[in-house]
Amino acid sequence: MRRLLPIAALAVVLTTGTAGMAGCTPKDGPTGSGPTGSTAPTTSAGTGSGTVGSPKTTAAQPPEDGGTWKVRYDFAVPSNRITVTNRALVPLPYLAEIHTGDHSNENPGYGRISFYFRGGMPSYNFNYAAEVLSEGRGDAIRLEGNAFLRIQFTNARQHDDAGKDTLKVKPNTHIGYHNLVSYGFGGDFEGYVTYGLGIQVAANSDLVLQIRVGELTKKPDGKGGFFYVVAFDVKNG
């Protein structure tokens, strides 16, 4: 954990790091939405510093073996908006699955949520926020926990050409790990897909947990196709 320091906000574009590969212990729930609980009292996200250039990487665990794994943001506190840019594609990549995995026995321990896209790797940005707002409407997403990470995929979608939802596999919104406790959908609007993570930290504190982000390119789907995975790790505190 670390405390957030009040400095000017900054958007940061990251370059690629690399890391080793190993297995993952998933905790994938059934398809469909579960109870999200109520919006917890929020903590101030602050404006701590981001990471510039090629970050020092650790032995991150990809969601599963197969494909090429890269760490794009090593364990740090994204109190500023962090932007990761990948090549824009047409048609836009679409979100197909969401998976979670508990890595409490790793050193360091962490909880993971992974977003599986088809058609390519989207760009995205993320940061701690006092609340996570939905696309288009600006309503607060209901999340468990008392610290919140906003994730926005850009040049991406969660619908097909007929307007139907492309997300076919997802866990219950109550994750229930040591610190990563929930997630919520914030909308799919004009090339932007937003999610929020609910994170549990010490009550009545301004402490937040470190986040790591990795990409798994061309993960075989077992059917002759590929997934493009963006994995968010919340370091246990």
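Taken together, the values in this text are just the output of simple stated rules run on the coordinates, not laboratory data. All figures in this text were calculated on a predicted structure; none of them were measured in a lab. Here the Cβ is made from the backbone with ideal geometry for all residues, glycine too, and neighbour counts use every protein chain on show.
Hey, can you tell me all the residues within region 189-210 that are in contact (Cβ under 8 Å) with a residue 60 or more places away in the chain, over 17 Å from GLU144 (Cβ atoms) and either in contact with a His (Cβ under 9 Å, 6 or more places away or on another chain) or not in a loop (DSSP other than H, G, I, E, B) (or both)?
Listed by number, the residues that qualify are VAL193, THR194, LEU207.
Can you name the residue in region 211-237 that is outside any loop (DSSP other than H, G, I, E, B) and of a type in the set (Gly, Ala, Ser) and is also nearest to GLY145 (Cα to Cα) among such residues? Break it down stepwise before answering.
Of all residues in region 211-237, those outside any loop (DSSP other than H, G, I, E, B) come to 211-220, 226-235.
When the remaining residues are screened for being of a type in the set (Gly, Ala, Ser), the result is 214, 231.
Details: GLY214: 23, ALA231: 20 Å.
Filtering region 211-237 for residues that are outside any loop (DSSP other than H, G, I, E, B) and of a type in the set (Gly, Ala, Ser), the one nearest to GLY145 (Cα to Cα) comes out as ALA231.
Please verify whether region 66-86 includes one or more residues that are touching a residue at least 12 places away in the same chain (Cβ under 8 Å), touching a Cys at 6+ places or on another chain (Cβ under 9 Å) and surrounded by 21 or more Cβ atoms within 10 Å (Cβ to Cβ).
No: zero hits.
Of the residues LYS164, LYS218, which is within 25 Å of LYS70 (Cα to Cα), surrounded by fewer than 24 Cβ atoms within 10 Å (Cβ to Cβ) and not hydrophobic (A, V, I, L, M, F, W, C)?
LYS218
Taking region 87-113 as the region of interest, how many residues are touching a residue at least 40 places away in the same chain (Cβ under 8 Å), under 20 Å from ASP160 (Cα atoms) and β-branched (Val, Ile, Thr)?
Final tally of qualifying residues: 1.
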